[in-house]
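Below is one structure, written out as structure tokens; the observations come after it.
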Amino acid sequence: MPSINLLPDNTRVDVGTIYGIGRNYVRHVEELNNEMPDEPVLFLKPAASLITQTRQIELPAFSTDIHHEVEVVLLVGREGRNITKDDALHHVTGVAVGLDLTARDTQSALRDKGLPWTTSKGFETAACVSDFLPIQRFRDLGKLHFRLRVNGELRQEGDSSLMIFPVPAIIAHISSIITLQPGDLIFTGTPHGVARIAPGDQLDLSLEDILRAGFTVAGS
Ligand code: MG
């Protein structure tokens, strides 16, 4: 079963369901020419797509346009259904920075046909995460600054204050549909600047300058 590493004690946590939120930053919605959402756009990534820094990113054969999407990732620590926004943060135990890798060509084709996005979001190694830090290490989940560098060049920079649906709204929304369970992960959406990755690329992620992770794209 896929698991993540929760600092500071290197606790292994088995991962359950991986939720993703799409279109959660205005400038990213605009760069893909998508409609502004009036409620969070929810999708799933298979737990089997999860990797930590011990593995390389594998580009799937069915796509020629895998995009990086750097995102704040939440670890659910307490079960809950119909969680209120006021209570939402009591259900989050850890925070990480991650990549919601997306086969943009496949996603566009599926979207145009009105079909589910699963293939574009759920391939092998499509969910990459750093170690998780306890939520107590962060003063305000509404002000998290994060970055992605590719081969040393700054490609994406975001701040959770710019989320269309902030963390409490995301937790409330998902738990109004289905019970959130300990070990579930939530990818909270990407800021603008998404672009293609290529074999040999080195992707370096950081969050608030206290979390870092590096991933290499296999092949060259
Ligand atoms: Mg995303």
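Read-outs throughout are calculated quantities, based only on the coordinates presented, and are distinct from any laboratory measurement. Values in this document were obtained by computation on a predicted structure and should not be read as measured data. Counting neighbours? That spans all protein chains shown, and the Cβs are built from the backbone with ideal geometry, glycine included.
Structural remarks
- Highest-MSF residue in the chain out of Ala61, Ala96, Ala172 [GNM, Cα springs under 10 Å]: Ala61
- Taking Thr179, Thr190, Thr52 as the candidate residues, the one with maximal mean-square fluctuation in a Gaussian network model of the chain, Cα springs under 10 Å, is Thr179.
- Cβ-Cβ FRET estimate between Leu162 and Ala61, R0 fixed at 45 Å, reported to 0.05: 0.80
- Value of [θ]222 nm, deg cm²/dmol, for the chain, DSSP H segments ≥ 4, -39500 (n - 2.57) each, nearest 500: -3500 deg cm²/dmol
- Dipole magnitude (debye, nearest 20) for the range 3-118, charges at Cβ of Lys, Arg, Asp, Glu: 260 debye
- Full extension of the chain between Thr179 and Thr84 yields a length gain of 32.9 nm, computed as 0.36 nm times the residue separation minus the alpha carbon distance.
- The calculated FRET efficiency for Asp112 paired with Asp9, based on their beta-carbon distance and R0 = 41 Å, is about 0.30.
- Loop-located chymotrypsin sites (Phe, Trp or Tyr not before Pro) in the range 1-98 (DSSP state not H, G, I, E or B) with no more than 16 neighbouring Cβ atoms inside 10 Å: Phe62.
- Sorted by Cβ density within 10 Å, fewest first, the residues Asp100, Asp201: Asp201, Asp100
- All distinct Cα pairs of the chain go into the 1/r average, and the inverse of that average, the Kirkwood radius, is 17.2 Å.
- The modelled label-to-label distance for the pair Met36/Arg196, using points 7 Å beyond Cα in the direction of Cβ, is 3.2 nm.
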